[in-house]
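The values are calculated or read from the model by the stated rules, or taken from the named source; none is laboratory data. Being a predicted model, the structure only gives us computed values, none of them experimental. Positions of Cβ are backbone-derived with ideal geometry, glycine not excepted, and every protein chain shown enters the neighbour counts.
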Amino acid sequence: MSNWTGALTARETGWSCFSFVAPMLPAFSETAGEPTVDTEPLDVFILGGQSNMAGRGGVIQTKTGKAWDGVLPPSCEPAPGQILKFNGAGKWEDAQEPLHIDIDTTKVCGVGPGLAFANELRNMGYTNRIGLVPCAIGGTRVDLWEDGGKLFTNMVHRAFAALAERPNSRLCGLLWFQGESDADTIERATTYGKKSERLLSSFRTAFNAPNLPIVQVAVTSTREEVPYVDHVRKGQLSIQLSNLATVDARGYHLPDGFHLSTYAHCKLAKEMAEAFLLNFRDPPAAAQEMDAPPVDDMQSMEKVRQESG
């Protein structure tokens, strides 16, 4: 649990989920499976950041290399038909761990907070079907996510493609867990807050969702390679954006000093779900429309995804 007094913070303005009216779009990928018959709308959450969001819970060292141990606490169990994932081929499927296995493809992925977050929302009475859009890539600094770069473009395109696959779905939030890689030098750490604030604002602009709820995680580490974690955390708390909630990872188990354990992710995910419902529970009033990206941009989406991976 958090050791940080006031770990949950939020700056709030009026908000509701953003609906999406999809145009006729080309297929996301030539290798994608047949379109699903199920087209019931989803409440969509984007998962962004680096390795802790991508999931390293349960990743262990074996004689042949790293591998996921396959351990799944109840909050990480699949909920077929109720919690879906937008996969690397650009199609919706039932969500199961590791969520980022076909996104963060150069690393061994395990459990992260995404699926547990969705399960906790449902445990807390959230009745809508949930769609998760994994976009996190391990080892990425905030500069690599800047507007116009491959990671930024990939996330935005995946979000629009996910919504286009399920007409009348709603973009309801961004879960953001990034910053450990920026704690290795004092220069990166002390400029992190401003860069992160600009980045999160740019995501909202790209999504045409100026009040999109964001739940960010204040990072932590015990490794000597990142001695300036406290500077990064200070920067995270300094971000002056409305509809931003911050949940603290400090105090949770880090088996390797960097990455949360499976059970730590489950506990953190519960805090994230509580933060979302406390600050951003959607009033059933009118949602706002999101414009689709140009068709040419959608056609280039698979190329961008492959280059980003």
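A count restricted to the range 219-243 and to residues that are within 15 Å of the chain's Cα centre (by Cα) and surrounded by fewer than 23 Cβ atoms within 10 Å (Cβ to Cβ) stands at 0.
Looking only at the range 41-53, decide whether some residue is closer than 20 Å to L163 by Cα, aromatic (F, W, Y) and in contact (Cβ under 8 Å) with a residue 24 or more places away in the chain. Yes, some residue in the range 41-53 is closer than 20 Å to L163 by Cα, aromatic (F, W, Y) and in contact (Cβ under 8 Å) with a residue 24 or more places away in the chain. Take the conditions at positive phi and either of a type in the set (F, W, Y) or at pLDDT below 95 (or both) and apply them to G6. Does it pass? In short, yes.
For A136, the conditions (1) surrounded by fewer than 24 Cβ atoms within 10 Å (Cβ to Cβ); (2) part of a loop (DSSP other than H, G, I, E, B); (3) in contact with a strand residue (DSSP E or B) (Cβ under 7 Å, 6 or more places away or on another chain); (4) of a type outside the set (K, R) all hold with the exception of (1). Every listed requirement among (1) farther than 30 Å from G81 by Cα; (2) buried (at least 24 other Cβ atoms within 10 Å of the Cβ); (3) not β-branched (V, I, T) is met by C172 save one, (1).
Every residue, every condition in (1) among the aromatic types (F, W, Y); (2) closer than 30 Å to N128 by Cβ, yes or no:
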{"residue": "L174", "(1), (2)": "no, yes"}
{"residue": "T191", "(1), (2)": "no, no"}
{"residue": "Y228", "(1), (2)": "yes, no"}
{"residue": "I239", "(1), (2)": "no, yes"}
{"residue": "K267", "(1), (2)": "no, yes"}
{"residue": "L277", "(1), (2)": "no, yes"}
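Say whether the condition of being small (G, A, S), within 12 Å of the chain's Cα centre (by Cα) and under 17 Å from F258 (Cβ atoms) is met by at least one residue in the range 118-131. There is no residue in the range 118-131 that is small (G, A, S), within 12 Å of the chain's Cα centre (by Cα) and under 17 Å from F258 (Cβ atoms).
Looking at the structure I just gave you, is R166 touching a Pro at 6+ places or on another chain (Cβ under 9 Å), without any contact (Cβ under 8 Å) to a residue 60 or more places away in the chain and under 25 Å from G131 (Cα atoms)? So R166 fails the test. For the range 164-177, check the following and say yes or no: at least one residue is more than 25 Å from W92 (Cα to Cα) and of a type outside the set (A, V, I, L, M, F, W, C). Scanning the range 164-177 turns up no residue that is more than 25 Å from W92 (Cα to Cα) and of a type outside the set (A, V, I, L, M, F, W, C). In the condition set (1) in contact with a helix residue (DSSP H, G or I) (Cβ under 8 Å, 6 or more places away or on another chain); (2) under 19 Å from S202 (Cα atoms), A159 is compliant with all but (1).
Just so you know, in the range 54-92 the residues that are part of a strand (DSSP E or B), over 17 Å from the mean Cα position of the chain (by Cα) and not aliphatic (A, V, I, L, M) include one that is nearest to V217 (Cα to Cα), and it is W68. Per this entry, A54 is not counted among residues that are under 26 Å from I137 (Cβ atoms) and at pLDDT below 50.
Every test in (1) in contact (Cβ under 8 Å) with a residue 60 or more places away in the chain; (2) surrounded by 23 or more Cβ atoms within 10 Å (Cβ to Cβ) is passed by F258 save one, and that test is (2).
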